[in-house]
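The values are calculated or read from the model by the stated rules, or taken from the named source; none is laboratory data. Predicted model, so just to flag it, every value in this text is computed and none were measured. Ideal geometry is used to build each Cβ from the backbone, glycine not excepted, and the neighbour counts take in all protein chains shown. Remember, those area values only see protein heavy atoms, side chains included, never the ligands or the DNA or RNA. Shrake-Rupley method; radii C 1.70, N 1.55, O 1.52, S 1.80 Å.
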Amino acid sequence: MIWRPPDERRRPAILAAMTADSIIVAVDGPAAAGKGTLARSLAAALDLAYLDTGSIYRAVGAKVLDAGGDPADEPAAAAVAEGLVPADLERDDLRGEAVGAAASQVSALPLVRCALLAFQRDFAYNPPQGKQGAVLDGRDIGTVVCPEACAKLFVTASAEERARRRHEELLARGEKSIYARVLQDMRTRDARDAGRETAPLRPATDAYRLDTSRMDADEAFRAALEIVRARCL
Ligand code: C5P
């Protein structure tokens, strides 16, 4: 038998659960571009389920660090990914910088991505609470996880603006932060996300690019809602 990743074997069953009027919205983009706020607002406005896929990679990174492991150790990180349970996504330490850096490392490992793909597709095509569809945000939703999404948004902002937002977010949470360091980390993470071989960060060819550098959250939401309505409803 030819070996295929688990997601390929499961795919027909997962897609069978998708009905003609399912609405799947993919929101991708680099860190701190505003995708999370935007995706959550879209899900609320359209009564769809919402999944922050970054929290899945963060949970894997956090559990590897908890065990004193190395986030670059592929078999160990993949074992953690395979054993992930929904409660792991509820940890309140997932947004910290150390966990974010570990998440970025584990997410570059093909076995980790493979282990997490079926979970993400299941969520999209069988959304919880009988919802008619789902909004997923991440890096490869439009290209790999849900290429069938009816609307794909690629949300960007300049690295300086994203670093400024992340810096203010950290200060507001009472954490120490140095802007220059946040900007440096942002650039390192962007380069790793865009340069990795498996599921690199890039817009799907049919994605709508939304640059939020000069938009506030409301403006970005209104622009995105218009696109989703035009493409999905
Ligand atoms: O979006 P967030 O910053 O929470 O994501 C944490 C890390 O997980 C990112 O640095 C990115 O490398 C990775 N990630 C990914 N694919 C996704 C979501 C997140 O590689 N779909």
So which pairs qualify, if the first residue must be in the stretch 185-206 and over 15 Å from GLU160 (Cα atoms), the second must be more than 11 Å from the ligand (Cβ to nearest atom) and open to solvent by less than 70 Å² (accessible area, probe 1.4 Å), the Cβ gap must be under 8 Å, and the two must be at least 6 apart or on different chains?
GLU197/PRO110; THR198/PRO110; PRO203/LYS152; PRO203/PHE154; ALA204/PRO147; ALA204/LYS152; ALA204/PHE154; ASP206/LYS152
Of the residues that sit in the stretch 46-80 and are under 26 Å from PRO127 (Cβ atoms) and not in a helix (DSSP H, G or I), which one is nearest to the ligand (Cβ to nearest atom)?
ASP52
Just one of the numbered conditions (1) touching an Asp or Glu at 6+ places or on another chain (Cβ under 9 Å); (2) under 30 Å from GLU226 (Cα atoms) is not true of ASN126; which one?
(1)
Out of the helices (runs of 4 or more DSSP H) lying entirely within the stretch 81-181, which hold 1 or more residues that are open to solvent by 40 Å² or more (accessible area, probe 1.4 Å), away from the ligand (no atom under 16 Å from the Cβ) and not hydrophobic (A, V, I, L, M, F, W, C)?
159-172
Give me the pairs, please: first residue somewhere in the stretch 26-40 and more than 16 Å from HIS167 (Cα to Cα) and open to solvent by less than 20 Å² (accessible area, probe 1.4 Å), second residue anywhere and near the ligand (Cβ under 10 Å from one of its atoms) and among the basic types (Lys, Arg), beta-carbon distance under 6 Å, and either six or more positions apart or on two chains.
VAL27/LYS35; ASP28/ARG139; GLY29/LYS35
Just need a number here: residues in the stretch 186-204 that are touching a helix residue (DSSP H, G or I) at 6+ places or on another chain (Cβ under 9 Å) and open to solvent by 60 Å² or more (accessible area, probe 1.4 Å).
5
For the stretch 54-64, does any single residue satisfy the condition of being open to solvent by less than 10 Å² (accessible area, probe 1.4 Å), closer than 25 Å to ALA217 by Cβ and at pLDDT 95 or above?
yes
